[in-house]
1. In region 89-125, what residues are part of a loop (DSSP other than H, G, I, E, B) and surrounded by 13 or more Cβ atoms within 10 Å (Cβ to Cβ)?
2. Looking at (1) surrounded by fewer than 11 Cβ atoms within 10 Å (Cβ to Cβ); (2) modelled with pLDDT of 80 or more, find the lone condition where Arg40 falls short.
3. In this structure, is Arg86 touching a residue at least 24 places away in the same chain (Cβ under 8 Å) and assigned to a helix (DSSP H, G or I)?
4. When only residues in region 40-60 that are among the small types (Gly, Ala, Ser) and part of a loop (DSSP other than H, G, I, E, B) count, which is nearest to Ala111 (Cα to Cα)?
5. Among (1) of a type in the set (Phe, Trp, Tyr); (2) farther than 30 Å from Pro21 by Cα; (3) modelled with pLDDT of 80 or more, where does Phe144 come up short?
6. Mind checking which residues of region 61-83 are more than 20 Å from Leu23 (Cα to Cα) and assigned to a helix (DSSP H, G or I)?
Amino acid sequence: MRGLPPCAAWLVTRLLARQEPPLAVMADVALVATSCPPGRAWRAPEGGELLALILIGVFGPLGQYVNIIAIRTAEASALAPIDDTRLIFDASAGYLLFVKLPDRWTLLGAAIIICSTLFITRHEARIARPITQAPPADPLSEPFPAPAATPQNGDLPCSISRKNHCS
């Protein structure tokens with residue numbers, strides 16, 4: 001049940017990122033993510049916890065803004081390998097902060113995620129550019145292109161010609 005708000009926030013981000021301004025998407029995601037109450041275990045933060053929350057409050061929206069721009073400009077299949085690096089950072093943070101190593105099930109799940117991402121990325125790359133001919137066995141065996149003719153002074157484009165005859 002704890003995974004529901006992050007999944008809902010991701011879906012809202014994916015659906016709205018292409019058509020709404022980033023700040024509007026961030027506001028909608030904030031409403032969805034905070035819709036679940038914290039429960040009875042909540043207490044006021046103290047000392048270092050408060051500093052951590054302030055840093056999360058500053059860098060969290062910045063990261064979300066960059067993520068929205070990425071979703072808007074790139075395909076999900078191109079972003080998935082980058083998003084999978086989060087597994088490495090999460091495992092590293094778990095070890096550094098809590099001296100906790102991932103168990104075998106976590107490693108198995110990470111391997112499944114990474115392998116499926118690599119398979120999908122490779123498959124979509126093959127679909128995107130069909131192979132028209134086999135590459136040459138030796139790249140140096142291809143003939144060099146003929147050199148371009150050297151332009152005369154009057155043939156230079158306006159941007160590099162010393163004469164100001166372009167209007």
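1. Initial filter on region 89-125 (part of a loop (DSSP other than H, G, I, E, B)): 99-103.
If the condition is that a residue be part of a loop (DSSP other than H, G, I, E, B) and surrounded by 13 or more Cβ atoms within 10 Å (Cβ to Cβ), then Pro102 is the only one that fits.
2. Arg40 satisfies every listed condition except (2).
3. Numbers: touching a residue at least 24 places away in the same chain (Cβ under 8 Å): no; assigned to a helix (DSSP H, G or I): yes.
The answer is no for Arg86.
4. Kept after step one, since they are among the small types (Gly, Ala, Ser), are these residues of region 40-60: 41, 44, 47-48, 52, 57, 60.
The next check asks that each one be part of a loop (DSSP other than H, G, I, E, B); those that pass are 41, 44.
Working: Ala41: 34, Ala44: 38 Å.
The qualifying residue nearest to Ala111 (Cα to Cα) is Ala41.
5. (3)
6. Result: Ala76, Ser77, Ala78, Leu79, Ala80, Pro81, Ile82, Asp83.
Yes/no matrix, rows are residues, columns are (1) under 20 Å from Thr117 (Cβ atoms); (2) polar (S, T, N, Q); (3) assigned by TED's automatic domain parsing to the domain that holds Val25:
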{"site": "Ala44", "(1), (2), (3)": "no, no, no"}
{"site": "Phe59", "(1), (2), (3)": "no, no, yes"}
{"site": "Tyr65", "(1), (2), (3)": "no, no, yes"}
{"site": "Ile69", "(1), (2), (3)": "no, no, yes"}
{"site": "Ala80", "(1), (2), (3)": "yes, no, no"}
{"site": "Phe89", "(1), (2), (3)": "yes, no, no"}
{"site": "Leu97", "(1), (2), (3)": "no, no, no"}
{"site": "Asp103", "(1), (2), (3)": "no, no, no"}
{"site": "Thr106", "(1), (2), (3)": "yes, yes, no"}
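The values are calculated or read from the model by the stated rules, or taken from the named source; none is laboratory data. Computed from a prediction, not measured in an experiment: that's the story for all the values here. Note that we place each Cβ from the backbone using ideal geometry, even for glycine, and neighbour counts take in every protein chain shown.
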